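The values are calculated or read from the model by the stated rules, or taken from the named source; none is laboratory data. Since the model is a prediction, treat every value here as computed from it, not as a measurement. No Cβ is skipped: glycine too gets one built from the backbone with ideal geometry, and neighbour counts run over all protein chains shown. Note: areas computed on protein heavy atoms with side chains; ligands, DNA, RNA excluded. Shrake-Rupley method; radii C 1.70, N 1.55, O 1.52, S 1.80 Å.
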Amino acid sequence: MKVLWLCNVCISAVSAASGLKGSPGGGWLEGALNALKDQAGLEIVYCFPQSDAKRLVCGKAGGLDYCGFYSRRSSGKRDIRLLEDTFRAVLKLYSPDIVHIHGTEAVHSYAMARAFNRPGRTIVSIQGMVSVYAEYYPVATPNIMHSLTFHDLVRLDSLYLQMRRMRKRGYYEKKLIGSTGHIIGRTDWDRACTEQINPSAAYHHCNETLRDAFYSTEKWSFERCERHSIFVSSSFPSYKCFHHVLEAMPHILSRYPDAKVHVTGPDVNRIPWYRISSYARYVKKLIRELGLKDKVHFWGALSAGEMADMYKRANVYVLPSAIENSPNSLGEAMMIGTPIVAADVGGVKNFLEHERQGYIYQQTAPYMIAHYVNKLFGSEDTANTMSAAARQKARGIFDPQVNRRTLMDIYALVLAKGQGESALSGDVL
């Protein structure tokens, strides 16, 4: 069985073999590929966008076939048709039995489904959903939705325009979901969202596999953590709501004056005025107005190993997003055992039970971040109990071998049901 994976990033193994620019994201894809490595009867072709060469870049990386296609990351009808032509060449080159599209966020996913044109042999794995996420821009930052900086004007990248672009991609995301025969998800949220778009598609539950570093690292320990420290895994984009953690800090500092926040992403205090976005400027303003300059530490982009170290270092991990499906950062924190405070959004409740593996709070109430963080800061017993419970649950959810078997069963089912399917006539863009 040959399965073509269409993914959104060039993973490190492929980057090293091809010389193409890699991506800091997508480490979980390498974890999933490693779990499938040497699986009898399975051959995977890894297909991904690249902007280094205006042609197909194909080869092998450690026994894995890869194919990088040129993409401008545009979403016009002409770009989709060009991508369709490219994908027809890719499909002719590899002749896959199944096309497995990882993520619906980019228009190349829709173009691939059109080029393959076999819904019964097409699987779409849900990551996030831009058609839904777009509507959370004004929810996350209503007071700066129409703010502009010099950077926003030059790059045409205001929050409002980001929302507009995401809505445009969401249009093609809905067409993709509506045209596929099989969907892989793992939460009530993604099942509800996809069923409302395409109730006739078969929904398959399959959990994701985390990056390798999170299976081999030592567990979190209250004795070894940095007391009264918070880790937030993303300071951008705006719907990740890092500003809610800043708003909670005065309440935390009133009880724990030595409290501090560690967060990935660029230091907003070091971004020149001509490069700062409206959201970065807003974060910078909050830090200044709330007197948090010495309390917030930005760490830039971190590798998987460095992220694991940050989870172990933190006293508490906070997930403040306005919307998520099943954030990998939550799974990583659970696997390591970092005590968790998470917003009640998307599929979070499918992974975390309130007051058992962590605390879940109403997302629009950032003062509740302070309430639960203070509880975890003040109780070693509670932190240890939740840490152990989260690790136990994570070992079941993110078990690579279980997830491998589940995915192989899905492939076998799709292959059996799709026998004899002929290509359908394409719909209109």
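Tell me, yes or no, whether the range 27-41 has at least one residue that is more than 21 Å from the chain's Cα centre (by Cα), of a type outside the set (D, E, K, R) and at pLDDT 90 or above. Explain how you work it out, then say what you get.
Initially, the range 27-41 is screened for residues more than 21 Å from the chain's Cα centre (by Cα), giving 37-41.
Next, from what is left, pick out any that are of a type outside the set (D, E, K, R): 39-41.
Filter once more, so that each one left must be at pLDDT 90 or above: 41.
Within the range 27-41, one or more residues are more than 21 Å from the chain's Cα centre (by Cα), of a type outside the set (D, E, K, R) and at pLDDT 90 or above.
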Exercise for the section: Tell me, yes or no, whether the range 302-309 has at least one residue that is open to solvent by 20 Å² or more (accessible area, probe 1.4 Å) and either among the acidic types (D, E) or over 21 Å from the mean Cα position of the chain (by Cα) (or both). Expected result: yes
Problem - Subset of the range 191-204 [of a type outside the set (A, V, I, L, M, F, W, C) and more than 23 Å from R118 (Cβ to Cβ)] - result: R191, Q196
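Residue by residue, here is whether (1) closer than 28 Å to I183 by Cβ; (2) at pLDDT 95 or above holds:
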{"position": "Y359", "(1), (2)": "no, yes"}
{"position": "K375", "(1), (2)": "no, yes"}
{"position": "E380", "(1), (2)": "no, yes"}
{"position": "N384", "(1), (2)": "no, yes"}
{"position": "A390", "(1), (2)": "yes, yes"}
{"position": "P400", "(1), (2)": "yes, no"}
Exercise for the section: Hey, can you tell me all the residues within the range 1-42 that are exposed (fewer than 15 other Cβ atoms within 10 Å of the Cβ) and assigned to a helix (DSSP H, G or I)? Expected result: A16, A17
Exercise for the section: Determine which single condition T86 fails, assuming it passes every other condition in (1) of a type in the set (S, T, Y); (2) open to solvent by less than 50 Å² (accessible area, probe 1.4 Å); (3) farther than 27 Å from Y171 by Cα. Expected result: (3)
Exercise for the section: Residues being open to solvent by 40 Å² or more (accessible area, probe 1.4 Å) and without any contact (Cβ under 8 Å) to a residue 40 or more places away in the chain: count how many of those fall in the range 259-285. Expected result: 8
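Quick check on this structure: which one of A383, A342, A389 is touching a residue at least 60 places away in the same chain (Cβ under 8 Å) and closer than 20 Å to K312 by Cα?
Details: A342 fails: touching a residue at least 60 places away in the same chain (Cβ under 8 Å); A389 fails: touching a residue at least 60 places away in the same chain (Cβ under 8 Å).
Matching residue, one of A383, A342, A389: A383.
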Exercise for the section: Would you point out the residue of the range 312-340, among those that are within 22 Å of I11 (Cβ to Cβ) and among the hydroxyl-bearing types (S, T, Y), that is modelled with the lowest pLDDT? Expected result: S326
Exercise for the section: Having 2 or more residues that are open to solvent by 50 Å² or more (accessible area, probe 1.4 Å) is the bar; report the strands (runs of 3 or more DSSP E) wholly within the range 313-422 that clear it. Expected result: none
Fill in the blank from the handout: The condition from (1) open to solvent by less than 50 Å² (accessible area, probe 1.4 Å); (2) in a loop (DSSP other than H, G, I, E, B); (3) under 26 Å from D399 (Cβ atoms) that V45 misses is numbered (2)
Problem - The one condition in (1) part of a helix (DSSP H, G or I); (2) touching a residue at least 60 places away in the same chain (Cβ under 8 Å) that N143 fails to fulfil - result: (2)
Practice task
Could you check, for the range 151-168, whether at least one of its residues is under 21 Å from Q50 (Cα atoms) and in contact with a helix residue (DSSP H, G or I) (Cβ under 7 Å, 6 or more places away or on another chain)?
Solution key: yes
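Quick check on S95: is it surrounded by fewer than 16 Cβ atoms within 10 Å (Cβ to Cβ), farther than 22 Å from S326 by Cβ, of a type in the set (S, T, Y) and in contact (Cβ under 8 Å) with a residue 60 or more places away in the chain? Quick ask: steps written out before the conclusion?
Working: surrounded by fewer than 16 Cβ atoms within 10 Å (Cβ to Cβ): yes; farther than 22 Å from S326 by Cβ: yes; of a type in the set (S, T, Y): yes; in contact (Cβ under 8 Å) with a residue 60 or more places away in the chain: yes.
Judged against the criteria, S95 is a match.
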Completion exercise
Listed by first then second residue, the pairs whose first member lies in the range 16-36 and is without any contact (Cβ under 8 Å) to a residue 60 or more places away in the chain and within 10 Å of R211 (Cβ to Cβ), whose partner is crowded, with 16+ Cβ neighbours inside 10 Å and of a type in the set (S, T, N, Q), with beta carbons under 9 Å and at least 6 positions apart or on separate chains, are G26/N8; G26/S12
Exercise for the section: Please indicate, with yes or no, whether at least one residue in the range 186-203 is in contact with a Phe, Trp or Tyr (Cβ under 8 Å, 6 or more places away or on another chain), aromatic (F, W, Y), assigned to a helix (DSSP H, G or I) and open to solvent by less than 40 Å² (accessible area, probe 1.4 Å). Expected result: no
Completion exercise
Selection from the range 215-258 of residues modelled with pLDDT of 95 or more, under 23 Å from Q392 (Cα atoms) and surrounded by 18 or more Cβ atoms within 10 Å (Cβ to Cβ) yields W220, C225, I230, F231, V232, S233
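Can you report the number of residues in the range 155-185 which are in a helix (DSSP H, G or I) and without any contact (Cβ under 8 Å) to a residue 40 or more places away in the chain?
Our first condition is that a residue be in a helix (DSSP H, G or I); within the range 155-185, this holds for 155, 159-179.
Checking the rest, the ones that are also without any contact (Cβ under 8 Å) to a residue 40 or more places away in the chain come to 155, 160-161, 163-164, 166-167, 178.
Residues that pass the stated criteria total 8.
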